[in-house]
Amino acid sequence: MTPIPVEQALTLLLQAIHPIEAVERLPLGLACGRISAHTVLARLPQPPFNRSAMDGYALCSTDLTEELTLSLQSPTEALLPGHAMPITTGGLMPEGADCMIQQEAVTVTAGKGQLRFAPKAGQNVCQCGGEMAAGTCLLKAGEHIIPAHIGLLAADGAAEIMVRHSPRVAVISIGDELRQPGEPLGKNEVYDCNGPMLTARLGCLNFVTEYHLCRDEMAKLRQVIDNALKSCDAVVTIGGGAVGSTDLMPELLSQMAEPLLFDHVIMKPGGHMAAGLTGGKPIFSLSGNPFAAVATFELLCLPALLHLAGLEQCIPRRATLRLRGSFSKANKRRRFLRAMAQGDTVTLPVCSHASGSLYGLAGCNCMIDVPENCPALTDDEMVAVSYTHLTLPTT
């Protein structure tokens, strides 16, 4: 197949993959981080009644005389004419009161309240529905639920919420040389970092995961993937996707994928990424080089998996920011560099930007998108940035 641009690859994925329809009802306290199944409209206005904005005294502004003195009364449902009533922050404004004055602006003597200034009607009162009316949208279908949503739903009296099913994803690291952390290492063996890293990434986004190591054996790899497809909604393989003698995924995907969506992407690192569907379930083949795996995972695999999970806004955000630092290499191919965006600037970490380098990724929250045939990047120039959420999203 002909190599295709990143944008075309993502379009193919989003067109071919259909969100899982299954939903479940969760207690509100367990719903943060999940994806909403339905749009939720407010049942109540907020505030639900006229209430005091602070501690003080509720009164009627037209009762005030030039002396600014009112009699004090105990809290009741209604305010007596010519009186002021103690009220606490958030308290229901009594019938007959149209404003309130803060406690420190009143001097109390022998049952009388001497005001330091005259409040106006409506002063220090949070009006019923002033924040939002009943029927206001609190949460959209397909939206990522964050703590602010939980607060809004709780204020509306919701104890439960319908959420989309969390897809189960198998992450399979491929290679004879790989060992799990904690195992003894033999000659020419290394610990697998990609599988644990991407499994953790998925777990932070509420995907259910399973993790496997597989040797470079076609029959064994086919069995592991077949078994994963029985129990999972998607499969991500890492390694074995290039053109070496032990790279098994190109042949295996050509046998299994119906259809094979693409097998090369015009980007560096990770150009050998491939993806296809088997029985409607997506299989993603990523490079075994750590940063290549991360770059293609964040730009293509993760948006597709979030789409599978039912998230409406799954495409990474982009921006144009001012570069702090430089990158001395000219680039013939489109390239992505790990970076940290803060405000209107983006900084390159001091580290190797090779596809096999993992160090320097921690703390990054975006990638600089370097176009093809681009000269070296220089300090203070404007660059395109893709917010791939290499650190956890907060909104």
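List of remarks:
- Residues of the stretch 214-237 that are surrounded by fewer than 18 Cβ atoms within 10 Å (Cβ to Cβ) and not in a helix (DSSP H, G or I): 215, 217.
- Within the option set 182, 186, being modelled with pLDDT under 95, in contact with a strand residue (DSSP E or B) (Cβ under 9 Å, 6 or more places away or on another chain) and open to solvent by less than 70 Å² (accessible area, probe 1.4 Å) holds for one residue only, 186.
- Criterion: over 30 Å from residue 30 (Cα atoms), in a loop (DSSP other than H, G, I, E, B), open to solvent by 40 Å² or more (accessible area, probe 1.4 Å) and not acidic (Asp, Glu) - qualifying residue of 97, 121, 134: 121
- Restricting attention to the stretch 140-170, the residues that are crowded, with 21+ Cβ neighbours inside 10 Å and among the charged types (D, E, K, R) total 1.
- Residues of the stretch 53-74 satisfying the condition of being surrounded by fewer than 13 Cβ atoms within 10 Å (Cβ to Cβ) and either in a loop (DSSP other than H, G, I, E, B) or of a type in the set (A, V, I, L, M) (or both): 65, 66, 67, 74
Residue-wise test of (1) open to solvent by less than 10 Å² (accessible area, probe 1.4 Å); (2) among the polar types (S, T, N, Q).
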residue: 279; (1), (2): no, no
residue: 283; (1), (2): yes, no
residue: 287; (1), (2): no, yes
residue: 291; (1), (2): yes, no
residue: 309; (1), (2): yes, no
residue: 314; (1), (2): no, no
residue: 322; (1), (2): no, no
residue: 353; (1), (2): no, no
residue: 363; (1), (2): no, no
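- Every condition in (1) surrounded by fewer than 22 Cβ atoms within 10 Å (Cβ to Cβ); (2) at pLDDT below 95; (3) at positive phi holds for residue 240 except the one numbered (1).
- Filter result for the condition that a residue is over 17 Å from residue 268 (Cα atoms) and either without any contact (Cβ under 8 Å) to a residue 24 or more places away in the chain or open to solvent by less than 20 Å² (accessible area, probe 1.4 Å) (or both), over 344, 369, 380: 344
- Per-region count, the stretch 243-255, residues under 21 Å from residue 213 (Cβ atoms) and either open to solvent by 10 Å² or more (accessible area, probe 1.4 Å) or free of Cβ contacts under 8 Å to residues at least 24 places away in the same chain (or both): 7
- Checking each residue in the stretch 326-339 for being crowded, with 18+ Cβ neighbours inside 10 Å and farther than 10 Å from residue 383 by Cβ picks out 334, 335, 336, 338.
- Among the residues listed as 23, 40, the single one being open to solvent by less than 40 Å² (accessible area, probe 1.4 Å) and modelled with pLDDT of 95 or more: 40
- Scanning the stretch 36-52 for residues that are assigned to a loop (DSSP other than H, G, I, E, B) and charged (D, E, K, R) returns a single hit, 43.
The values are calculated or read from the model by the stated rules, or taken from the named source; none is laboratory data. These numbers come from a predicted model, not from an experiment. Heads up, the Cβs are rebuilt from the backbone with ideal geometry, glycines too, and the neighbour counts pull from every protein chain shown. Calculation scope for accessible area: heavy atoms of the full protein, side chains included, ligands and nucleic acids excluded. Shrake-Rupley method; radii C 1.70, N 1.55, O 1.52, S 1.80 Å.
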